[in-house]
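All of the numbers you see were taken from the coordinates with simple rules; none came from a lab. Treat the numbers as computed from the prediction; the structure is a model and nothing was measured. Heads up, the Cβs are rebuilt from the backbone with ideal geometry, glycines too, and the neighbour counts pull from every protein chain shown.
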Protein chains: 2
Amino acid sequence: MTTTDYEAVPAVEADAAAPHLDTVVMKFGGTSVADPDKLKSVARRLVAARESGSRVVAVLSAMGSTTDDLLDLARRVSDRPEPRELDMLISVGERISCALAAMAIHDLGHEAISLTGSQAGIVTDRVHGKAKIVDVRARRIHEALDHDRIVLVAGFQGVSADSLDVTTLGRGGSDTTAVALAAALGAHVCEVYTDVDGVYSADPRLVPTARKLDVLSYEEMLEMASSGARVMATRSIEVARSQNVRLHVRSTFSDAEGTWIREEDGTMLEKALISGVMHQREETVYRVEGATPARLFDALATASVNVDTIVRTGAEVVFSAPVEDRADAARALDALGVEWSARDDLGKVALVGAGMKSHPGVAAKTFATLEAAGIEAPVVSTSPIKIACHIPTADVGRAVQALHEAFELE
Amino acid sequence: MTTTDYEAVPAVEADAAAPHLDTVVMKFGGTSVADPDKLKSVARRLVAARESGSRVVAVLSAMGSTTDDLLDLARRVSDRPEPRELDMLISVGERISCALAAMAIHDLGHEAISLTGSQAGIVTDRVHGKAKIVDVRARRIHEALDHDRIVLVAGFQGVSADSLDVTTLGRGGSDTTAVALAAALGAHVCEVYTDVDGVYSADPRLVPTARKLDVLSYEEMLEMASSGARVMATRSIEVARSQNVRLHVRSTFSDAEGTWIREEDGTMLEKALISGVMHQREETVYRVEGATPARLFDALATASVNVDTIVRTGAEVVFSAPVEDRADAARALDALGVEWSARDDLGKVALVGAGMKSHPGVAAKTFATLEAAGIEAPVVSTSPIKIACHIPTADVGRAVQALHEAFELE
């Protein structure tokens, strides 16, 4: 089960009632804008898209290590930085990228304008550091597009509806900004640029024979993202699914087609049983006794812990969550007064595929493959299109290779 | 004559009709917040002011070389960065300082909130890079002060009234932010913290016997600032004078009294003939023929050139302006189609003193002193409280020492 936050983004704004079929939202991550030369090459790509006739909205992340450098500054000033001020601080990174990209576009002879999350109308709640988008008020973007400008929007940030404070969206925030904008603007596609050329059947660094996938359903991409595929954040895929935003994950460094992510339809019926094997090297696994699941997961949600897998057998509840959420989870569990323990030595492998629904036996083959490799899986969970096994971190690489081979994904 | 921009700041806002006599605005420059340790020490000073009973508003500059680093990034992306985007870029430096200082204050057990120029209600015109403040809408500051918070305002920036774009105020922008806020909030004093402990009768590095001045009139400080005293920007003193904001220039690193700047009154009647000798190592001196002064200075104002001295003899107009404005001035003069030339080898010495008004002979003594030192002054200008001489840059040090001694300022 995935408890990814659903973000309530209105389908399309009133003033965008006639969808602009030629609008494209292009999202570039930190490695794509890491230095002035890379920024200039992003600018050239945006200009090329504009010259091909599209209305172009780009969402940029902060340059390379900018955000980490700012976090480091904060730590040198305070052991536990005030969340509102931390958001004020770390939101500057994306603004820097966008202002620089706009300058580079001007030099190429095109009009461009950079907008902060606030100026772009990304309205959020007040949960600093993990804010959720509650509305997109894209008036300024529409105006700029109507004036033939390329619009650069600072990703990962917004403004809180009531207090007008700068907020940040947390992990995968720029992806979420891009998808929410694509939905609000009625864009025909949200292109997600990354340093790989699409989504693969397994990590090519682990499995050299891994295959690039041409098309995936939202459900598959969701399961893959929550199982370790790092190309997009889970929450942003949730928004894409709920708003029916077509995604195209592709390479910053080539013009080749990447992986399309869209609604499952007729053309996908004969798709493969299994699309891919995802993995995650580390995830914290908690065991809790003495709390009802309702009370437990309410407390964890309040503490903004991104719970992934949940398994329950009798009085005990087992769940997993990202390593980064360890401190928040511990505080929430202590406050509940429950008995709990956590393991930090586990990772996860997951088989994902829409074709799995109609084929029993996938689970059996998965367990047999792991057993043959001598790998123990103390926690197992399934969904209609996924089987996930928590296994020792040390065995993750071998497990991915064995499963990729067993299911003939080459 | 000084053509420093006058900035129209309303005396006090409607919602601040009853002036808060206990409000203090404290401004810290880039060297005062250069690293996390210095920021923490600024935080301690702000907390001490709050604990002494004052409502505290602090205006911070960017940390050390932050703004220069950002400008360097811009230059690596574009030869001539778009002004709107440059403002978006370089305004982040002050936000970083303010967010970090707010964190440090929280750690000291006090409430604090950082505000961008826009959030603080600093409303400007649209001249990117050299914007002028047209209004201060201090609602959020009042609210925060009413909630017992220390308010940190990002200096040097605002938001344009019509386009809602981020603007920067140019040279001395943080000083202007501080003075405009002090006026709008009815603060009883605007404290300007710097790395020297006040205003001196001459630069102590040039004249070891230079004396710290206890009190100056706005007019004297204006003449001093436009003649090379670097403790405060001329335009900010203009605003202070027009709004009657009492200034206190003092050291970041001690609690000693610095120099007060306020309206001339009875207690200042018997003040010294000359308060100090200011200097500037470099200033560009232009000679122009073929334009009426009205047309000439209108064009220079439009090009945002900060004209300092103006001297006219017959058909020729001579004026000086900061070295940084060279390119803007050249463009404006070329566009006018006038004949012009410029000298880059001159600096300036200036004697300033309110007592000078009623004492003829100061000019004679000044020229005699320079002549005895063998220093030629090709351009001379005077005001009721100032005599300024443009002299070769190479002679500036000797001229300051000779004049300081001749007028017995030790």
Given backbone amide H placed at 1.01 Å from N, residues whose amide H is under 5 Å from that of residue A:26, ignoring those fewer than 5 places away on the same chain, are A:57, A:58, A:59, A:191
If we restrict to alpha carbons, what Rg and Dmax does chain B come to, in Å? 21.5, 66
With the Cα gyration tensor of region B:316-410 giving a ≥ b ≥ c as the square roots of its eigenvalues, does the rule (a/c under 1.5 for rounded; else a/b larger than b/c for prolate; else oblate) give rounded, prolate or oblate? prolate
On a 0 to 90° scale, report how tilted helix A:326-336 is relative to the longest principal axis of chain A, with both axes built from alpha carbons and the result rounded to the nearest 10. 70
Taking a ≥ b ≥ c as the square roots of the eigenvalues of the Cα gyration tensor, with a/c under 1.5 meaning rounded and otherwise prolate when a/b exceeds b/c and oblate if not, region A:361-407 is oblate
In whole Å, what are the extents of region B:195-238 along the principal axes defined by its C-alpha atoms, from largest to smallest? 30, 17, 17
Per residue Cα convex hull volume in Å³ - calculated over region B:30-77: 60
So if R0 is 30 Å, what FRET efficiency would residue B:79 and residue A:52 give, r being the distance between their Cβ atoms, rounded to the nearest 0.05? 0.65
Can you list residues whose amide H is under 5 Å from residue A:379's amide H, if they're 5+ apart or on another chain and H is modeled 1.01 Å from N? A:390
Can you tell me what the convex hull of the Cα atoms of region A:235-392 projects to on average, as an area in nm²? 12.1
May I ask you to derive the FRET efficiency for residue A:111 and residue A:163 from their Cβ-Cβ distance with R0 = 30 Å, giving the value to the nearest 0.05? 0.35
Amide H partners (placed H, <5 Å) of residue B:309, local residues excluded: B:320
Local charge sum around residue B:377 (other residues, Cβ-Cβ under 11 Å, Lys/Arg +1, Asp/Glu -1)? -2
Pairing the Cα long axis of helix B:92-107 with the longest principal axis of chain B, what angle in degrees results, from 0 to 90 and rounded to the nearest 10? 50
Taking the label point as lying 7 angstrom from Cα along the Cα-to-Cβ axis, what are the distances from residue B:205 to the corresponding position in the remaining copies, in ascending order and in nanometres? 5.0
Note to self, chain A gives a 222 nm [θ] from helices alone (DSSP H runs n ≥ 4, -39500 (n - 2.57) apiece, / all residues, nearest 500) of -10000 deg cm²/dmol
Within 10 Å of each Cβ in A:114-123, how many Cβ atoms from other chains are there, averaged over the peptide? 2
log10 I(q)/I(0) for region A:209-314, Debye formula on C-alpha points only (no solvent), q = 0.15 Å⁻¹, two decimals, reads -0.79
Given that compact globular proteins tend to follow 2.2 N^0.38 Å, what is the ratio of the alpha-carbon Rg of the protein assembly as shown to that value? 1.13
To test your reading of the geometry: what angle, between 0 and 90 degrees and rounded to tens, separates the Cα axis of helix A:173-185 from the longest principal axis of chain A? 60
Within a 10 angstrom radius of each residue's Cβ in A:87-97, how many Cβ atoms of other chains show up on average? Whole number is fine. 5
What is the projected area of the convex hull of the Cα atoms of region A:19-194, averaged over all directions, in nm²? 9.2
Given the pairs A:38/B:27; A:130/B:27; B:212/B:348, which are separated by over 30 angstrom at their Cα positions? A:38/B:27; A:130/B:27
Among rounded, prolate and oblate, which fits region B:122-191 when a ≥ b ≥ c are the square roots of the eigenvalues of its C-alpha gyration tensor, a/c under 1.5 means rounded, and a/b larger than b/c means prolate? prolate
Could you estimate the translational diffusion coefficient of region A:102-232 from the Stokes-Einstein equation, with Rh from the Kirkwood formula over C-alpha pairs, at 4 °C and 1.567 mPa s, in whole µm²/s? 78
